[in-house]
Amino acid sequence: MKSRYALAALLAPAVALAAFSGLLPTQAQTKTTTLTPATIDHLIRVEWNKEHIVPAPPVDDARFLRRIYLDITGTIPPPEAVTAFLADKSPDKRARAVDALLESPRYADHWTNYWYNVLMGRQVRGQVIDPSAFRRWLHAQFEKNTPWNKFVYDLITATGQNSAGGTYAKAYGLMRADKADKMEAMTTEGATANSSDQAANVNGAVNWLLKFAQAPADLSGQTSKIFLGVQIQCAQCHDHKTEKWKQEDFRRFTACFMQVRPVPVDVGKVRGIRRVELQDVNRPFLGGKRLRMTRNEYANAAPAALDGTDFSNSPNRRQALAAWMTAPQNPWFAKAIVNRIWAHFLGRGFVEPIDDFRESNPPILPGLLQRLSEDFVAHNYDLKHLIRTVCATQVYQLSSAPARKADSGNLYWARYRLKPMGPEELVDSLVQATNLQPVLEKVAGSNLEGLKTLINRQFSFLFDVDEEFEQKEFEGTIPQALLLLNGNMVNRGVTPIPGTALAEVLAMPGGDAQKIEALYLRTLSRKPTAKELTHWVAFVNAPREVVESPGTQQPGPLRARLRQRMGMLAQMGKKGMRRGGGPDPFARLDNRFQLAAQTPKLQAYEDLFWALLNSSEFLFNH
């Protein structure tokens, strides 16, 4: 029996395909040889020559490995992976490393985080939204490498139950948050695994649609912006003289989502997620009296795609729209995701902002964007194939050092663009570098993922991340700096708690040079230079007094002096942290671990480790 996805393509009128004639090459034209990384490099090199650009030199192995770990899996490599990669002399080791990361569990974890933030955002509100179920749905798609066209089709047309329901697991008292934030941070007793979702016939994808249950105009704007790269929401209120899309286009596109209705499953008072079932109905759903005024203008519009294809006679408007969007002939769909992935890996897309395709904002190298999009479609919308192709190019493997002759905006990718870690990447990399996992497990018990969610929220708040805009330049603030310099996560991480990184390094055989090298491999994913090694060996052996401070953790001289100079600012940072998500969970670690007695050399190593974690080299991907 054919799948619903395969059959639904028949629902779109034939005119939907005919309307694309001339916008993309015909099928016969697209049957070209596979686009190779060498061809991509050649096309970019031609442009460099035209612009008299001399690119940066190639990146070394250590930085390349760190780069692909952060870009593909969202965390820095473990030290043993760095050591093995540097010792490997085979010519194809970079390609094999990319393949290994694409098949690792961390790939699905990272891209689940990425797309959760793009689609759902970091602040989820509403009792009918189950963030955990949506995350599980996302994770399942990336785990099985669902083709991108099917991913988008299934998301836009999703029906079914939002959650298995149930009450929230008891909070572990680490922070105070409002009701909506608790819904996201805590797992539910009845929906903690995919198996329970399946047993309850849950389709986690509907939670994205439910986010816009009260605002179908926002749903249509986000659908067009994210999946087509077209910002039709600018025409929501009035026509713009200089833009193609008019208010009528926006109303007709939004009308495609007007026959969607959430039907309550739970009645009465409910603790936790309120279960609803999302259904398609054969008439516009206007909701209550308060919503009718804003919905009528969309309910009365004839549903249509951006090219004018009319869906008024389609049995299911959403399915017809999704089939139109994901058709190979669509002029925007493949380009939008190719541009987004290219920007993620290269730091800048062919079109910037990455979701603003329009005639007045033409792409850089449109021919290359076209070729990459055709290749993506020809390979069945395979995201891993696209990532593998990008990572194999010489342009991706350039150093972040300044090019000798380059345009000031690095429009043609003549060097690798420095990129600050996002909040999730930073948290995961700190845990990886410090090996804080056993500490987190002891603090959180069985609710480790909930604890990580709360920590991520603190970092997200202090780093002021807006998921609607791509951050291209580093914009540091005092609270951000203080979180790293004085935050308990870093300060606990550089303490030799049994089982953590510093405890293991100090217990390893060898002298100071070997221990310092081990810390460099854990944090910066490279070995120290001869100059750095000489400096730090002298530092850890220099005469000093033990710095005493209240509590079980006694910071070394560098951190103690910084705290003394920045006491007032530290209080500002603490207030900001409480406002962003409650008290620091690491403050509850006192008396839980037996720590070694403080010595001058031990505190020197703590300061060394702390300095590496607070370095710009650690905080950036380059």
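The values are calculated or read from the model by the stated rules, or taken from the named source; none is laboratory data. Because the structure is a prediction, the values reported are computed rather than measured. Don't worry about glycine lacking a Cβ; one is built from the backbone with ideal geometry, like all the others, and counts go over all protein chains shown.
The table below gives the values:
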quantity	calculated
Contacts under 8 angstrom Cβ, first residue in the range 44-57 being hydrophobic (A, V, I, L, M, F, W, C), partner in a helix (DSSP H, G or I) and surrounded by 13 or more Cβ atoms within 10 Å (Cβ to Cβ), 6 or more apart	I44/L368; I53/E47; V54/W48
Residue that is at pLDDT 55 or above and not in a helix (DSSP H, G or I), where the choices are V490, V465, V546	V546
A133 surrounded by fewer than 22 Cβ atoms within 10 Å (Cβ to Cβ), outside any strand (DSSP E or B), of a type in the set (A, V, I, L, M) and at pLDDT 70 or above	no
Every residue from the range 101-121 that is farther than 17 Å from G74 by Cα and out of contact with any Phe, Trp or Tyr (no Cβ under 8 Å at 6 or more places or on another chain)	G121
Tally, over the range 297-316, of residues that are buried (at least 21 other Cβ atoms within 10 Å of the Cβ), in contact with a strand residue (DSSP E or B) (Cβ under 9 Å, 6 or more places away or on another chain) and over 11 Å from T254 (Cβ atoms)	1
Out of I341, I354, sole residue that is part of a loop (DSSP other than H, G, I, E, B), crowded, with 19+ Cβ neighbours inside 10 Å and in the same structural domain as E47 (by TED's automatic domain parsing)	I354
Selection within the range 437-451 - at pLDDT 75 or above and closer than 19 Å to H110 by Cα	Q437
Listing of helices (runs of 4 or more DSSP H) fully contained in the range 11-105 that carry 1 or more residues being at pLDDT 90 or above and either surrounded by 19 or more Cβ atoms within 10 Å (Cβ to Cβ) or not assigned by TED's automatic domain parsing to the domain that holds L519 (or both)	37-50, 61-68, 79-87, 93-102
Sole residue being surrounded by 13 or more Cβ atoms within 10 Å (Cβ to Cβ) and either modelled with pLDDT under 70 or closer than 30 Å to D61 by Cα (or both), chosen from Q553, Q564, Q571, Q514	Q553
Residue identified as β-branched (V, I, T), in the same structural domain as N203 (by TED's automatic domain parsing) and either without any contact (Cβ under 8 Å) to a residue 24 or more places away in the chain or under 16 Å from I226 (Cβ atoms) (or both) among I129, I156	I156
Residue count for the range 369-386, restricted to those that are assigned to a helix (DSSP H, G or I) and farther than 25 Å from F64 by Cβ	5
The range 500-543: number of residues that are part of a loop (DSSP other than H, G, I, E, B) and hydroxyl-bearing (S, T, Y)	3
Subset of the range 387-436 (residues that are closer than 14 Å to G74 by Cα, touching a strand residue (DSSP E or B) at 6+ places or on another chain (Cβ under 7 Å) and assigned to a loop (DSSP other than H, G, I, E, B))	M421
